[in-house]
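The values are calculated or read from the model by the stated rules, or taken from the named source; none is laboratory data. Here the structure is a predicted model, which means the values were calculated and not measured. Reconstructed Cβ throughout: ideal geometry from the backbone, glycine too, with neighbour counts over all protein chains shown.
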Amino acid sequence: MSGRGQGRPVAELEDVSRVYRLGENVVKALDGFSFRFEEGEYWAVMGSSGSGKSTLLNLLGCLDRPTSGSYRVRGEESSAMDDDALSDLRSREIGFVFQSYNLIPQLDVLENIMVPLFYQDVPPADGPERALRLAERVGLGDRLGHRPLELSGGQQQRVAIARALINDPALVLADEATGNLDSATAVEILNLFDELHGEGKTILLVTHEPAVGERAENVLRLADGRIAEVSRAREVGA
Amino acid sequence: MIRGSLLRTVRLGVRSLLLHKLRSALTTLGVLFGVSSVIAMLAIGEGASEEAQEAIRRLGSQNVILRSVKPSDNQVTDQTTRVLTYGLTHDDFARVAETFPGVVRAIPIRELPDEVRFGSRALRPRVLATVPSYLDVTGRVLHEGRFLEEIDDREVANVCVLGYEVARHLFPFQTPVGEKVRIGSDYFTVIGTLLPRVRLGSDRPDPGEDVTGEVFIPLKTGRRWFGDMILRIRSGSRDMEEVQLHEIVAEVDLAENVPFVAAACRTMLDREHTERDYEVVVPLELLLRAQETKRIFNIVLGSIAGISLLVGGIGIMNVMLATVTERTREIGIRRALGAKRRHIVTQFLVETVVLSIGGGLLGILLGMAIPAGIERWADMRTIVTPTAPLLAFGISAGVGVVFGLYPAWRAAVMDPVEALRHE
């Protein structure tokens, strides 16, 4: 199953299962999940608690490996990769935006944006320029030397978005990115995602808020570790 | 590139540590005191050992020293006057000097308990009647004038050479050479003075004396004017001692022959003397014993230092384990942003090493200040060898690596998903 099926595949899951064993209980968080996210798409992943959203996000973000099945990022099979290779893939191809921003408190804005570059075997020479451009792009060009605690929630999330983009990743994963923000700031952040989508970025937004889901181009609804529905965003609130 | 990345990791590590300044400062204390105690104890031990070894070397490591010792048996007598005859004899000297193979030369020394006076200034140094080769055998150094010569002995001249302390005490404002001093009831012309020597046990002043020191006169002169009898008057009795020689110093041709000559001396004295009124001192044996003592001291010191550094290291590990738990979420974030396990290991290891090296550097400063203070206020000799701070620095870095590895490994093996969930 896929979105509009027009672009190159960015993330492909084939018959992916993720099973957790809790003592004698076996929990299937994802069960025979197959899907393909394509370049330039903007998806909202929705579902109730326990539907498998977080598990899907962890697998897509290469933080976890499937118990069975195959997962490819830009054609690279990740399910058999060792920890180092998986970290490398994550560093190159995935950008994370978290609900609670997850900036590193001892680093300033510019350094926080550059953190993913620190972990590349050969960091790009233009890293600082790139970080500066992104800081300006998200409207924080005048707060470069500030530490996270000196920024508002919305500003911190902008830093996190800039950080997610520093390696020009194949996939930007946002996990309840507006969950900690007031409605006005949330709209600003969603506008920023819209702009990034307009620039051709592939975005996957995990949310349980229909209003946020509406802003995405497509919606993937999960239930019990399976795909329950695939629809355009405007159909969500209907 | 790797250097730049390491520098950045160190910079970030320092910044992380500065977020909790007090905790970081307290964590370094264990290593700080461990390292400073290592340096201070090494410096004190080195100083004491060097002093002892130098003193022994001054005795002459190729010398064998025979000394007269007053027998311990107390002959109870109600007589008010008694004569006690003991100690080394001129015959002993002749046997050692002339018949022992391996003995290059030997010098006889006789000690006279007489007052030395110049004008109103007087003191009771060791007045030693000896021969000209005393200077060469004992390694003493002339300060001014000349030492005793053969002609002085031959002519039984009334000349003397003053030790440094005696010269300084009797002639504080003038050169003593050419002046006459009174020894007992006779006047002696000062012909030279010696440089100071390391104070030995035998040089300790008698109770009530401020100044110790030596005055040298020709052997024959001593015998002529003072005889072999020494009279000591105490309340209620007059003790007379007849001692021909107080000391014989034999210089041996090779260091490896010293034990044989010493054994021969012991055998000879044992045969010739009916009671144990002598002792044989072998500086080489003392030196070896001092070196052995130093080795044992170093082992004890190493153990104490090891324990204190172990405690310091455990303190650091404890804090780092708590830090790893506290920063679980940060570890998750870094892993999500692409950090490999080795990056996490490096990050926490660098922080631990920064803590321990920081403590180590402060410990080196404190450790070098303590010996300086001891030297200044306690008048003890201390030596900070260049290797001590280097060793201490190496140890502190090693403590950081050894005790940082486990917390860093704990951080690195965390599941990124679990770490991100950590509140």
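Which residues, taken from the range A:197-214, are surrounded by fewer than 21 Cβ atoms within 10 Å (Cβ to Cβ) and under 19 Å from A:Gln99 (Cβ atoms)?
Of everything in the range A:197-214, those that are surrounded by fewer than 21 Cβ atoms within 10 Å (Cβ to Cβ) and under 19 Å from A:Gln99 (Cβ atoms) turn out to be A:His208, A:Glu209, A:Pro210, A:Ala211, A:Glu214.
Checking the conditions here, which among B:Thr352, B:Thr323, B:Thr346 is over 30 Å from B:Glu51 (Cβ atoms), β-branched (Val, Ile, Thr) and in contact with a Lys or Arg (Cβ under 9 Å, 6 or more places away or on another chain)?
Values: B:Thr352 fails: in contact with a Lys or Arg (Cβ under 9 Å, 6 or more places away or on another chain); B:Thr346 fails: in contact with a Lys or Arg (Cβ under 9 Å, 6 or more places away or on another chain).
Going through B:Thr352, B:Thr323, B:Thr346 in turn, just one is over 30 Å from B:Glu51 (Cβ atoms), β-branched (Val, Ile, Thr) and in contact with a Lys or Arg (Cβ under 9 Å, 6 or more places away or on another chain): B:Thr323.
Counting just the residues of the range B:351-393 that are polar (S, T, N, Q) and surrounded by 19 or more Cβ atoms within 10 Å (Cβ to Cβ), which one comes out farthest from B:Gly45 (Cα to Cα)?
B:Thr352
Yes/no per residue for (1) under 27 Å from the mean Cα position of the chain (by Cα); (2) crowded, with 21+ Cβ neighbours inside 10 Å:
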| site | (1), (2) |
| --- | --- |
| B:Ile299 | yes, no |
| B:Gly306 | yes, no |
| B:Ile314 | no, no |
| B:Gly338 | no, yes |
| B:Ile344 | no, yes |
| B:Leu349 | no, yes |
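Taking the range B:23-52, which residues are under 27 Å from the mean Cα position of the chain (by Cα) and either surrounded by fewer than 18 Cβ atoms within 10 Å (Cβ to Cβ) or under 30 Å from B:Glu241 (Cα atoms) (or both)?
Answer for the range B:23-52, where residues must be under 27 Å from the mean Cα position of the chain (by Cα) and either surrounded by fewer than 18 Cβ atoms within 10 Å (Cβ to Cβ) or under 30 Å from B:Glu241 (Cα atoms) (or both): B:Glu50, B:Glu51.
Cβ-Cβ under 9 Å, sequence separation 6+ or interchain: first residue in the range B:331-342 and more than 7 Å from chain A (Cβ to nearest Cβ) and over 18 Å from A:Pro123 (Cβ atoms), partner in a helix (DSSP H, G or I) and among the polar types (S, T, N, Q). Which pairs?
B:Ile331/B:Gln347
How many residues are under 24 Å from B:Gly119 (Cβ atoms), basic (Lys, Arg) and part of a helix (DSSP H, G or I) if we restrict to the range B:138-182?
Selection size over the range B:138-182: 1.
Could you figure out which of (1) part of a helix (DSSP H, G or I); (2) within 13 Å of chain B (Cβ to nearest Cβ); (3) surrounded by fewer than 22 Cβ atoms within 10 Å (Cβ to Cβ) isn't true of A:Ala162?
(3)
Can you tell me which of B:Gly332, B:Gly359 is touching a Pro at 6+ places or on another chain (Cβ under 6 Å) and modelled with pLDDT of 90 or more?
The match here is B:Gly332.
Is it true that some residue in the range B:381-388 is in contact (Cβ under 8 Å) with a residue 60 or more places away in the chain and in a helix (DSSP H, G or I)?
yes
Got at least one residue in the range A:34-47 being in contact with a Phe, Trp or Tyr (Cβ under 8 Å, 6 or more places away or on another chain), more than 11 Å from every other protein chain (Cβ to nearest Cβ) and among the acidic types (Asp, Glu)?
Applying the first criterion (in contact with a Phe, Trp or Tyr (Cβ under 8 Å, 6 or more places away or on another chain)) to the range A:34-47 yields A:37, A:42-43.
Restricting the remaining residues to those that are more than 11 Å from every other protein chain (Cβ to nearest Cβ) gives A:37, A:42-43.
Next cut, among the acidic types (Asp, Glu) only: none.
Taking every residue of the range A:34-47 in turn, none turns out to be in contact with a Phe, Trp or Tyr (Cβ under 8 Å, 6 or more places away or on another chain), more than 11 Å from every other protein chain (Cβ to nearest Cβ) and among the acidic types (Asp, Glu).
Just the residues that are within 14 Å of chain A (Cβ to nearest Cβ) and free of Cβ contacts under 8 Å to residues at least 24 places away in the same chain, please, taken from the range B:301-326.
Residue satisfying the conditions is B:Glu326 alone.
Could you tell me how many of the residues in the range A:104-158 are farther than 20 Å from A:Glu93 by Cα, touching a residue at least 12 places away in the same chain (Cβ under 8 Å) and in a loop (DSSP other than H, G, I, E, B)?
Adding up the residues that qualify gives 15.
When A:Leu110 is evaluated against the numbered criteria (1) more than 12 Å from chain B (Cβ to nearest Cβ); (2) more than 30 Å from A:Arg147 (Cα to Cα), which criterion, by number, is the only one it fails?
(2)
Please verify whether B:Met414 is in contact (Cβ under 8 Å) with a residue 60 or more places away in the chain, aliphatic (A, V, I, L, M) and either out of contact with any helix residue (DSSP H, G or I) (no Cβ under 9 Å at 6 or more places or on another chain) or within 14 Å of chain A (Cβ to nearest Cβ) (or both), treating the condition exactly as stated.
Yes.
Just need a number here: residues in the range A:165-189 that are surrounded by 21 or more Cβ atoms within 10 Å (Cβ to Cβ) and assigned to a helix (DSSP H, G or I).
Selection size over the range A:165-189: 3.
Looking at the range A:134-143, can you tell me whether even one residue there is surrounded by fewer than 21 Cβ atoms within 10 Å (Cβ to Cβ), within 23 Å of B:Ser5 (Cβ to Cβ) and either within 12 Å of chain B (Cβ to nearest Cβ) or at pLDDT 90 or above (or both)?
no
Just name the residue that is modelled with the lowest pLDDT out of those in the range A:115-133 that are touching a helix residue (DSSP H, G or I) at 6+ places or on another chain (Cβ under 6 Å) and more than 10 Å from chain B (Cβ to nearest Cβ).
Among them, the one singled out is A:Gly127.
Being more than 14 Å from chain A (Cβ to nearest Cβ) and under 30 Å from A:Phe98 (Cα atoms), is that true of even one residue in the range B:368-380?
The answer is no; no qualifying residue exists.
Which one is surrounded by the most Cβ atoms within 10 Å (Cβ to Cβ), of the residues in the range A:80-104 that are more than 16 Å from A:Ala170 (Cβ to Cβ) and within 7 Å of another protein chain (Cβ to nearest Cβ)?
A:Asn102
Just need a number here: residues in the range A:144-182 that are out of contact with any strand residue (DSSP E or B) (no Cβ under 8 Å at 6 or more places or on another chain) and basic (Lys, Arg).
Summing the residues that are out of contact with any strand residue (DSSP E or B) (no Cβ under 8 Å at 6 or more places or on another chain) and basic (Lys, Arg) in the range A:144-182 gives 2.
Based on this model, can you work out whether A:Leu89 counts as assigned to a helix (DSSP H, G or I) and touching an Asp or Glu at 6+ places or on another chain (Cβ under 9 Å)? Before the answer, list the steps.
Details: assigned to a helix (DSSP H, G or I): yes; touching an Asp or Glu at 6+ places or on another chain (Cβ under 9 Å): yes.
When the stated conditions are applied, A:Leu89 passes them.
Mind listing whichever residues of the range A:85-116 are on the phi < 0 side of the Ramachandran plot and among the aromatic types (Phe, Trp, Tyr)?
Our first condition is that a residue be on the phi < 0 side of the Ramachandran plot; within the range A:85-116, this holds for A:85-100, A:103-116.
Passing the criteria: A:Phe96, A:Phe98.
What tally of residues in the range B:1-34 results from selecting those that are hydroxyl-bearing (Ser, Thr, Tyr) and at pLDDT 85 or above?
Going through the range B:1-34 one residue at a time, the tally reaches 3.
Suppose we filter the range A:50-77 for residues that are part of a loop (DSSP other than H, G, I, E, B), farther than 17 Å from B:Asp415 by Cα and within 14 Å of another protein chain (Cβ to nearest Cβ); how many remain?
The qualifying residues number 1.
Restricting the search to the range A:163-201, which residues are more than 27 Å from A:Thr55 (Cβ to Cβ) and of a type in the set (Gly, Ala, Ser)?
Hits for the range A:163-201 are A:Ser183, A:Ala184, A:Gly198, A:Gly200.
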